Amino acid sequence: MVTTRYDLSRSELAELLEGEPNYRVDQVWDGLHAQHREPAELTNVPKVLRNTIEELLPPALTPVREVKADNDKTIKQLWQLTDGYLVESVLMHYRDRSTVCVSSQAGCAMGCTFCATGQVGFDRHLTIGEIVEQVVRAAQRSGERRVSNVVFMGMGEPLANFDQVWPAVERIHDDLGIGARKITLSTVGVVPGIERLTQQALPVSLAVSLHSANDKTRNRIAPINRTYPLRKLAEALHSYRRAKNRRLSFEWAMMAGVNDNENAARELAAFARPFNAHVNLIPLNPTPGYSTPATDPESIIWFQDLLDSLGVNATIRTNRGTDIDAACGQLRAEQQVMLRGKSQRRKT
């Protein structure tokens, strides 16, 4: 695989630029990361060095398509990787912050029935550089508005790609300057990944895509539950919370007739209360491979009120970018492209 612009560590960059003084390496590193500059924009280093960086470290992401929604406050970007695979990221501007939702894999192996990425299947893990570059590109696209938050809620299961995701998180924190508490990792319940996350120093936020607190239902809509059922998930989350003293959040996509009745609310409350967790109620977004409709708005409010009466804090998420397939569960990088020079037509 091609070594791309953000794949190298600082020490590896120094090796690549052997013979250059340390301060030059620092200028290049900081220019690419903290200042989000392209090599040609590194005007504080000699032009020959700029050209060398451009040649030796090509970008990982080639823009394919950009679509906007919500009065240009939501921007979905489709990227082609150097081997032809496709991923998407979403930049979202709010009144008080700008957030980028990044992908950690091309496709996803978790197989959640209601998720467009899961319906597509798994291609490969993303590298450190491919993840970091999504944040840099968002910062460039954001212009004068600083990207303040990063959420790993795009394509893929972040904790299934821990060996690449965690170094990327450290790079985003240390070198792009985004605080740990402004970085959120999302998981559908990969217990070994939660256990590894518990051992890390940075106090990032953790969001669990729960969607059901009943093993039978969750086995059906989130197959990972067959390997790591709710009991094992709860044990890992209790260990995480003891180690980090961070509040957990649970994601709950509201599916009509699946997880929106009184019994589902009581099961959720019983699961969430011991963690003092916050619950995000998400109106289910339409995807091509899942025919179950979303819970109607009035019933979602009723569900929220019931959770409140059961001692659980819950909010209803306002979906962004639904009309451009940029909302929760909708990313699928839908585009036909040529892969590896072969005449393969791929719809992902």
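The values are calculated or read from the model by the stated rules, or taken from the named source; none is laboratory data. What you see is a predicted model, and the numbers here were worked out from it, not measured in a lab. Positions of Cβ are backbone-derived with ideal geometry, glycine not excepted, and every protein chain shown enters the neighbour counts. The area values use the complete protein model at the heavy-atom level, side chains included, leaving out ligands, DNA and RNA. Shrake-Rupley method; radii C 1.70, N 1.55, O 1.52, S 1.80 Å.
Please enumerate the residues belonging to segment 157-177 that are touching a residue at least 40 places away in the same chain (Cβ under 8 Å) and either of a type in the set (S, T, N, Q) or touching a strand residue (DSSP E or B) at 6+ places or on another chain (Cβ under 8 Å) (or both).
The answer is Glu157, Pro158, Ala160, Asn161, Gln164, Val165, Ile172.
Filter segment 5-26 down to the residues that are in contact with a Leu (Cβ under 8 Å, 6 or more places away or on another chain) and farther than 18 Å from Val132 by Cα and list them by number.
Leu16, Leu17, Glu20, Arg24, Val25
Could you list all residues from segment 1-24 that are under 33 Å from the mean Cα position of the chain (by Cα) and open to solvent by 60 Å² or more (accessible area, probe 1.4 Å)?
Of everything in segment 1-24, those that are under 33 Å from the mean Cα position of the chain (by Cα) and open to solvent by 60 Å² or more (accessible area, probe 1.4 Å) turn out to be Met1, Val2, Thr3, Arg10, Ser11, Glu12, Glu15, Leu16.
Taking segment 125-158 only, how many residues are over 15 Å from the mean Cα position of the chain (by Cα) and not hydroxyl-bearing (Ser, Thr, Tyr)?
Selection size over segment 125-158: 7.
Write out, first by first residue and then by second, each pair whose Cβ atoms fall under 7 Å of each other, whose residues are 6+ apart or on separate chains, and whose first residue, in segment 50-66, is farther than 30 Å from Lys76 by Cβ while the second is buried (at least 17 other Cβ atoms within 10 Å of the Cβ).
Listed by first residue and then by second, the contacts come to Arg50/Pro39; Arg50/Leu42.
Looking at segment 142-160, which of the residues that are within 24 Å of Ile194 (Cβ to Cβ) and part of a helix (DSSP H, G or I) is most open to solvent (accessible area, probe 1.4 Å)? Steps first, answer last, please.
Taking segment 142-160 as the starting set, the residues that turn out to be within 24 Å of Ile194 (Cβ to Cβ) are 149-160.
Subsequent filtering for residues that are part of a helix (DSSP H, G or I) retains 158-160.
Working: Pro158: 3, Leu159: 9, Ala160: 41 Å².
Going through the qualifying residues, I end up with Ala160.
Which one of Ser249, Ser205 is in contact with a His (Cβ under 6 Å, 6 or more places away or on another chain), within 29 Å of Ile172 (Cβ to Cβ), touching a residue at least 12 places away in the same chain (Cβ under 8 Å) and of a type in the set (Gly, Ala, Ser)? Reasoning before the result, please.
On the way: Ser205 fails: in contact with a His (Cβ under 6 Å, 6 or more places away or on another chain).
When all the criteria are applied, what remains is Ser249.
Please determine whether any residue of segment 187-203 is in contact with a Pro (Cβ under 8 Å, 6 or more places away or on another chain), outside any helix (DSSP H, G or I) and buried (at least 18 other Cβ atoms within 10 Å of the Cβ).
Residues of segment 187-203 that are in contact with a Pro (Cβ under 8 Å, 6 or more places away or on another chain), as a first pass: 187, 193.
Narrowing the set further to residues that are outside any helix (DSSP H, G or I) leaves 187.
Checking the rest, the ones that are also buried (at least 18 other Cβ atoms within 10 Å of the Cβ) come to 187.
Scanning segment 187-203 turns up at least one residue that is in contact with a Pro (Cβ under 8 Å, 6 or more places away or on another chain), outside any helix (DSSP H, G or I) and buried (at least 18 other Cβ atoms within 10 Å of the Cβ).
Pull out all pairs, ordered by first then second residue, where Cβ-Cβ is under 6 Å, the residues are six or more apart or on different chains, the first lies in segment 300-321 and is more than 8 Å from Leu281 (Cβ to Cβ) and modelled with pLDDT of 95 or more, and the second is open to solvent by 40 Å² or more (accessible area, probe 1.4 Å) and not aliphatic (A, V, I, L, M).
Listed by first residue and then by second, the contacts come to Gly311/Arg273.
Determine whether segment 66-75 contains at least one residue that is farther than 30 Å from Met153 by Cα and in contact with a Leu (Cβ under 9 Å, 6 or more places away or on another chain). Lay out the reasoning, then the answer.
Filtering segment 66-75 for residues farther than 30 Å from Met153 by Cα gives none.
Within segment 66-75 (the criterion being farther than 30 Å from Met153 by Cα and in contact with a Leu (Cβ under 9 Å, 6 or more places away or on another chain)), the answer is no, since none of the residues qualifies.
Being open to solvent by 30 Å² or more (accessible area, probe 1.4 Å) and over 21 Å from Arg220 (Cβ atoms): is that true of Arg273 here?
Details: open to solvent by 30 Å² or more (accessible area, probe 1.4 Å): yes; over 21 Å from Arg220 (Cβ atoms): yes.
For Arg273, the condition - open to solvent by 30 Å² or more (accessible area, probe 1.4 Å) and over 21 Å from Arg220 (Cβ atoms) - is met.
Restricting attention to segment 88-141, which residues are in a helix (DSSP H, G or I), open to solvent by 10 Å² or more (accessible area, probe 1.4 Å) and either over 24 Å from Ser212 (Cα atoms) or of a type in the set (A, V, I, L, M) (or both)?
As a first pass, look at segment 88-141 and keep what is in a helix (DSSP H, G or I): 116-120, 128-141.
Checking the rest, the ones that are also open to solvent by 10 Å² or more (accessible area, probe 1.4 Å) come to 118-120, 128, 137, 139-141.
Across segment 88-141, the qualifying residues are Val120, Ile128, Arg137, Ala139, Gln140, Arg141.
Residue by residue through segment 208-246, note down the ones that are touching a residue at least 12 places away in the same chain (Cβ under 8 Å), assigned to a helix (DSSP H, G or I) and of a type in the set (S, T, N, Q).
Thr217, Asn225, Ser239
List pairs: first in segment 37-48 and more than 17 Å from Gly143 (Cα to Cα), second outside any loop (DSSP other than H, G, I, E, B) and open to solvent by 60 Å² or more (accessible area, probe 1.4 Å), Cβ under 6 Å, 6+ apart or cross-chain?
Within 6 Å, the pairs are Pro39/Glu54.
Which count do you get for residues in segment 277-313 that are surrounded by 18 or more Cβ atoms within 10 Å (Cβ to Cβ), part of a loop (DSSP other than H, G, I, E, B) and more than 21 Å from the chain's Cα centre (by Cα)?
Number satisfying all stated conditions: 2.
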